[in-house]
Structure formats: structure tokens, C-alpha cells
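Since the structure comes first, as C-alpha cells, the remarks are kept for the end.
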Amino acid sequence: MSNDIDDKPQPLIEHLIELRTRLIWSIGAFFVAFIICFAFAKHLFNYLVIPYKWAVIWAGLDVAKSELIYTAPQEFFFTQVKVAMFGAMVIAFPVIAAQVYKFVAPGLYKNERSAFLPFLVASPLLFLLGAALVYFFFTPMVMWFFLAMQQKPGEGEVAISLMPKVSEYLSLIMTLVFSFGLVFQLPVITSLLARVGFVTAEGLASKRKYAIVAAFVVAAVLTPPDPMSQIGLALPAILLYEISIYCARVIERNRQASSDAPASTDVAETGDA
């Protein structure tokens, strides 16, 4: 009975109505979160600028003189819209994920639903962990790297100062957050694939050298063209790959233990008879 499916046969129109309901709830949650975030867009952007201030301090510069600029009349407005959309996705994600799960869950076996729920919880937590790593460490480190390239005026030299635009700074930090957030989903994806039998721990371990090369290639594509952020993304990706191998081994060990338990029970019952 633990493997029963709760879903009952329904015509296609019923599934489409259910899908429409879930989409309305998801879009509504995103729209409400967007309105709230847009009302506080400047405050949210000021929080995103804090890592830049830390980098200015690390570079030994005066925080009071540091500034961000915009060169088009509409640039800061659309930057606030992007900040609001970014915040709305974060706030509305639990509602969207719940609606997706409610739409898919009736078609799953009960044991599949119980196995899927931990991954549904682990995925946003790992994404937030990657975003926190970007906010508290990698963004200040990357901005410090760029600030260190400034040039003071001197004999035969002109002053070269970094004056980042609001839109470009937001694009940088959003790119880093999404890159690290996606890379931190690696243990979840490989664990799901290992649970359904698509990958094995031995197979992942044998492809380790290719995974290391792929980590640096993906880091070069997803991050800005500086060695600090590329290495900073590639090293956690390699560490997460090793964690994925360990998770796959645990899943295989548990599957083997569960498959051996009924067999040993049957043997014991046969001996008693």
C-alpha cells in the first residue's frame, strides 16, 4: 500500500485546469512579492552594495568617496526593476516550488513522494548557501581585485579610477549568485540521478578528472573574466562533486540494505516452517 498512487484517472481538461490553478498561484505570488520588493528596491540595492563597501575598505580606500554611477536617465529605474524581480523570485520560490510539487505529487508513488521531499528542502538551502558565499566572500574579493587595478596620478601617469555603474554592478552580483546557486545544486541532481539508477558512485569517481576540467570550463563561462571568481567557483564545484560521490555511495548502500532485508526475512520464515 505504500507504493499506491493517489492520482485518479482524469480527462485532459481536468489536468489543464489544475495546471492553470497552479500557474495562477505561482504568478500571483511572484507579482505580490514584486510589488513589495519594488517599494523597497533602493533599500535592497543598498544591501547589495555592502560587499562593494567591504572591498573598498580592503583596498585601503575612503568609503565616503566611493560611489556608483548611472549614465542613462532610465538606467537606475530599470536597475530597481531588476532588483525587485530578483527579490521576488527569492521570496516567491517556496510558493512556486509548493505549487509544482502539488501538481506532480498525485502522480507519484508514496515512497517516491517521501524520497522527493528531502531534495525539495535541500535545493533552496544549498542555493542560499551558495548565495551567502557570494555575498560575504566572493563579491568583496572580486571587487577588491578590480579596485586594486586603479592607478594614482604620478609622473608620466594619469589617474585611472573605478566608477562602477549601478546596472553593471547588479549584473555582476546577480551572475555570481545564480552561478554559485546552480553549482551548489550538484549534490541534489546527482543524488536524484543515483536514486533512479542513472549514475553510480563508481561511475562518478571514474569521471573525476573530466569533472575537474568541466568545473573550470563552466566557471570560465558563468563568471566574469577574472581568475579570482573563476577559481572561486571551480574549487567549490570540485568539492561538491566529491560530496556527490559520497551521497551516491550512501544511496547505493541503503538500497542494497533494503533489498537484502526482505531476502533474509524470507529465508528465516522458510527455516521456521
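The values are calculated or read from the model by the stated rules, or taken from the named source; none is laboratory data. Every value quoted in this text rests on a predicted model; they were computed, and no experiment measured them. Cβ atoms come from the backbone with ideal geometry, glycine included; neighbour counts cover every protein chain shown.
In the range 1-20, the residues that are among the charged types (D, E, K, R) and surrounded by 12 or more Cβ atoms within 10 Å (Cβ to Cβ) reach residues that are modelled with pLDDT of 70 or more and part of a helix (DSSP H, G or I) with C-beta atoms within less than 9 angstrom, at least six apart or across chains, in these pairs: 7/105; 7/106; 7/107; 18/102; 18/103; 18/106.
Only residues that are closer than 23 Å to residue 79 by Cα and charged (D, E, K, R) were counted across the range 141-188, and they come to 2. Could you tell me whether the range 219-226 includes any residue that is at pLDDT below 90, of a type in the set (D, E, K, R) and either part of a loop (DSSP other than H, G, I, E, B) or in contact with a Ser or Thr (Cβ under 8 Å, 6 or more places away or on another chain) (or both)? Yes: one or more hits. Look at residue 40 and say whether it is more than 30 Å from residue 186 (Cβ to Cβ) and surrounded by fewer than 14 Cβ atoms within 10 Å (Cβ to Cβ). The answer is no for residue 40. Is it the case that residue 160 is within 27 Å of residue 138 (Cβ to Cβ), loosely packed, with under 12 Cβ neighbours inside 10 Å, of a type in the set (A, V, I, L, M) and modelled with pLDDT of 85 or more? In short, yes. Does residue 96 count as surrounded by fewer than 17 Cβ atoms within 10 Å (Cβ to Cβ) and of a type in the set (Val, Ile, Thr)? No, not satisfied. In the range 79-88, the condition of being free of Cβ contacts under 8 Å to residues at least 40 places away in the same chain and surrounded by fewer than 19 Cβ atoms within 10 Å (Cβ to Cβ) is met by no residue.
Consider residue 146 carefully, then state whether it is over 30 Å from residue 120 (Cα atoms) and surrounded by 14 or more Cβ atoms within 10 Å (Cβ to Cβ). For residue 146, the condition - over 30 Å from residue 120 (Cα atoms) and surrounded by 14 or more Cβ atoms within 10 Å (Cβ to Cβ) - is met.
Sub-7 Å Cβ pairs linking a first residue in the range 100-113 that is part of a helix (DSSP H, G or I) and at pLDDT below 70 to a second residue that is surrounded by fewer than 13 Cβ atoms within 10 Å (Cβ to Cβ) and among the polar types (S, T, N, Q), at least 6 apart or interchain, are 111/2; 111/3, ordered by first then second residue.
Taking the criterion of being more than 19 Å from residue 186 (Cα to Cα) and either at pLDDT 90 or above or exposed (fewer than 15 other Cβ atoms within 10 Å of the Cβ) (or both), the residues of the range 122-138 that qualify are 135, 136, 137. Taken over the range 43-78, the criterion of being assigned to a helix (DSSP H, G or I) and more than 23 Å from residue 128 (Cβ to Cβ) is satisfied by 56, 57, 58, 63, 64, 65, 75, 76, 77, 78. Criterion applied to 188, 134, 166 was being more than 30 Å from residue 250 (Cβ to Cβ) and not charged (D, E, K, R), and the one residue passing it is 166. Filtering the range 52-68 to residues that are over 15 Å from residue 146 (Cβ atoms) and of a type in the set (A, V, I, L, M, F, W, C) leaves 63, 64.
Note on the range 165-188: among residues that are part of a helix (DSSP H, G or I) and over 12 Å from the mean Cα position of the chain (by Cα), the one that is nearest to residue 258 (Cα to Cα) is 173.
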